[in-house]
Amino acid sequence: LPLFERLERRIVDGEKAGLDADLDEAMQQVPPLQIINETLLSGMKTVGELFGSGQMQLPFVLQSAETMKTAVAYLEPHMEATDDSGKGRIVLATVKGDVHDIGKNLVDIILSNNGYEVVNIGIKQPISAILDAAVDKKADVIGMSGLLVKSTVVMKENLEEMNGRGVAEQFPVLLGGAALTRAYVENDLTAVYDGEVHYARDAFEGLRLMDEIMT
Ligand code: B1M
């Protein structure tokens, strides 16, 4: 297979052997972010489709996810970072009951490389832990990721909890993840939350929104 098809195939097959060499070769041709966006994510999309249609079993999805993570970790040091720093601080978490973190970690990378301080507290985080981190680290924004349909409900509950604790004014919220839709966030969740809620379709929209929130 040609290089980029081979790389995409490696994600689908969860094949790590030879990955670094292919990534090195790919970086001779295009920037690391482009490899992630156009090649690796396309592989993950196929994985999702195969899993969703019952053609791929969970352990293989996990292998693909691990290969994706290995690839992103390999590319990350080669990414361009801006000189500006201290643009703001965000606490980032995958919500309670949800283990998916590839998207969240991409958001972390993109924001970190573009002047934001990211406090990434990991997966399956209850709102209490998210708020503790946000208060403790004096976050400007709270970012929540979730890929399960169930997580969209958790996000709503989290916003209600934040209202109840009276911290909505203090923390604008950035939400993302495959199960969310712009309509759900901008209609339903905006109506629920006493503070600002923003929906990011991808990590770059996340960055744009952070820039908007922080100005
Ligand atoms: Co699971 N999974 N999974 N999974 N998985 C999905 C989400 C699913 C859609 C697959 C499917 O059925 N087609 C489905 C959810 C269905 C639903 O809820 N209706 C599903 C399921 C069912 C499950 C389990 C329940 C399976 C089981 O156990 N029977 C289980 C859940 C466990 C749990 O969470 N409690 C499970 C487990 C797993 C693995 C562990 C095997 C693995 C995750 C490994 C990991 O993350 N470390 C996994 C994977 C890999 C997937 C798919 C195939 C790929 C997800 C991914 O990484 N995509 C996924 C299929 C799909 O998404 N269509 C699927 C790439 C990633 C970059 O995209 O995270 O969407 P994404 O991030 C994007 C944007 O959404 C956005 O930016 C990113 C791109 O720039 N974004 C943000 C995300 N977060 C953001 C936050 C922001 C801003 C933007 O600001 C804060």
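Kindly provide the set of residues from the range 184-210 that are touching a strand residue (DSSP E or B) at 6+ places or on another chain (Cβ under 9 Å) and part of a helix (DSSP H, G or I), ordered by number.
So the first thing to find is which residues in the range 184-210 are touching a strand residue (DSSP E or B) at 6+ places or on another chain (Cβ under 9 Å), and the list is 184-186, 189-190, 193, 195-203, 205-207, 209-210.
TYR184, VAL185, GLU186, LEU189, THR190, ALA203, GLU205, GLY206, LEU207, LEU209, MET210, listed by residue number.
Do we have GLU186 as touching a Phe, Trp or Tyr at 6+ places or on another chain (Cβ under 9 Å) and under 25 Å from TYR116 (Cα atoms) here?
So GLU186 passes the test.
Among THR67, THR82, THR39, which is open to solvent by 40 Å² or more (accessible area, probe 1.4 Å) and among the hydroxyl-bearing types (Ser, Thr, Tyr)?
None of the others qualify; the one that does is THR82.
Here's a check for you: in the range 15-36, which residue that is hydrophobic (A, V, I, L, M, F, W, C) and part of a helix (DSSP H, G or I) is surrounded by the most Cβ atoms within 10 Å (Cβ to Cβ)?
Restricting to residues being hydrophobic (A, V, I, L, M, F, W, C) and part of a helix (DSSP H, G or I), the top hit is ILE35.
From the set of residues in the range 158-183 that are within 13 Å of the ligand (Cβ to nearest atom) and more than 23 Å from ILE36 (Cα to Cα), which is surrounded by the fewest Cβ atoms within 10 Å (Cβ to Cβ)?
ARG182
What is the one condition in (1) in contact (Cβ under 8 Å) with a residue 24 or more places away in the chain; (2) in a helix (DSSP H, G or I); (3) of a type in the set (A, V, I, L, M, F, W, C) that ALA81 does not satisfy?
Failing condition for ALA81: (2).
Being surrounded by fewer than 21 Cβ atoms within 10 Å (Cβ to Cβ) and assigned to a helix (DSSP H, G or I) is the filter; apply it to the range 111-130 and report the residue that is farthest from the chain's Cα centre (by Cα).
Within the range 111-130, the match that is farthest from the chain's Cα centre (by Cα) is SER128.
The values are calculated or read from the model by the stated rules, or taken from the named source; none is laboratory data. What you see is a predicted model, and the numbers here were worked out from it, not measured in a lab. Note that we place each Cβ from the backbone using ideal geometry, even for glycine, and neighbour counts take in every protein chain shown. Side chains are part of the model used for accessible areas, which takes the heavy atoms of the whole protein and leaves out ligands, DNA and RNA. Shrake-Rupley method; radii C 1.70, N 1.55, O 1.52, S 1.80 Å.
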